[in-house]
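Everything below concerns the one structure shown next.
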Amino acid sequence: MVMANLLVEYIGYECFQKVIQKVTPKYVSCIIQINMEDSWVSDSPYLRVFDGLERVHCQMEERELEKVMFEIEYHKIKTLEHTLPNKKKLVQMNFGYS
């Protein structure tokens with residue numbers, strides 16, 4: 001099993017596909033952050049700490065992640081959503097190899 005919580009956002013879909021194909025786990029669990037507004041980092045006194053990550057951050061979409069996982073023969077088993085108070089939500093997507 002591979003657990004990739006908030007990882008996909010920093011390596012992108014294509015790189016994530018390659019990693020999963022190389023490791024070939026039976027199950028993959030991912031948590032992605034969905035932003036309901038433009039900002040992917042919540043306002044805080046530490047906001048500037050994340051400036052460097054802007055270069056590597058990729059906005060994730062549930063349907064696109066499901067599509068790229070299907071391309072490498074992983075099918076969605078379950079999705080859970082957790083709405084956050086800052087106009088964001090965390091989406092856990094679990095996949096199994098067919």
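Brief remarks follow.
- Pick from the stretch 77-98, criterion surrounded by 15 or more Cβ atoms within 10 Å (Cβ to Cβ) and over 12 Å from the mean Cα position of the chain (by Cα), ranking: farthest from F16 (Cα to Cα): K88
- Checked against the criterion of being at pLDDT below 80 and of a type in the set (F, W, Y), the stretch 74-91 contains not a single residue that satisfies it.
- Taking the conditions (1) farther than 24 Å from N86 by Cα; (2) modelled with pLDDT under 95 in turn, P25 satisfies each one other than (2).
- Residue list for the stretch 1-31, restricted to those being part of a strand (DSSP E or B) and among the hydrophobic types (A, V, I, L, M, F, W, C): V2, M3, A4, V28, C30, I31
- Taken over the stretch 59-78, the criterion of being touching a helix residue (DSSP H, G or I) at 6+ places or on another chain (Cβ under 7 Å) and without any contact (Cβ under 8 Å) to a residue 40 or more places away in the chain is satisfied by K76 alone.
The values are calculated or read from the model by the stated rules, or taken from the named source; none is laboratory data. In this text the structure is predicted, and so the values were computed from the model without any measurement. Note that we place each Cβ from the backbone using ideal geometry, even for glycine, and neighbour counts take in every protein chain shown.
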